[in-house]
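The values are calculated or read from the model by the stated rules, or taken from the named source; none is laboratory data. Here the structure is a predicted model, which means the values were calculated and not measured. Here the Cβ positions follow ideal geometry from the backbone for every residue, glycine too, while neighbour counts run over all protein chains shown.
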Amino acid sequence: MRARLPAGYGGGPQNQKDLMRQAQKMQEQFAATQAELEAREFKVTSGGGMVEVTMNGKKEVTSLVIKPEIVDPDDIEMLQDVVMAAFNEASKQVEETSNAELGKITGGLNLPGLF
């Protein structure tokens, strides 16, 4: 006697076609979301608004504004720290937003190398 599987569990050609369609749809959604994220801008300020970094979703800096009053020739290290903090925060925002948006498509699966 041969066991019968419920409908949809057969693994036959139709099931494989459905899986391929789902994978293709997911890939299209992923690409569209990734393109939207890459075009998005993330603006971060640091040092009480003295430094402003704008970064796109590809983690490319598109703007850097440093107010003159933060520039102290005797304390360049402080300026460097404030600029680094702004860059790091912008990068973190891009990463977190990308993970959240793309995670919606992948169902929360961590797929290394995709984003």
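A compact table of results
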item: Residues of region 10-22 classified as under 35 Å from the mean Cα position of the chain (by Cα), modelled with pLDDT under 80 and either aromatic (Phe, Trp, Tyr) or outside any loop (DSSP other than H, G, I, E, B) (or both), total; result: 1
item: Of all residues making up region 18-34, the number that are among the hydroxyl-bearing types (Ser, Thr, Tyr) and either touching a Cys at 6+ places or on another chain (Cβ under 7 Å) or farther than 13 Å from Ser98 by Cα (or both); result: 0
item: Of residues in region 58-89 being part of a loop (DSSP other than H, G, I, E, B) and of a type outside the set (Asp, Glu), the one farthest from the chain's Cα centre (by Cα); result: Pro73
item: Members of region 31-56 that are assigned to a helix (DSSP H, G or I) and of a type in the set (A, V, I, L, M); result: Ala31, Ala32, Ala35, Leu37, Ala39
item: Looking only at region 44-57, and only at residues there that are over 12 Å from the mean Cα position of the chain (by Cα) and in contact (Cβ under 8 Å) with a residue 40 or more places away in the chain, the one that is surrounded by the fewest Cβ atoms within 10 Å (Cβ to Cβ); result: Thr45
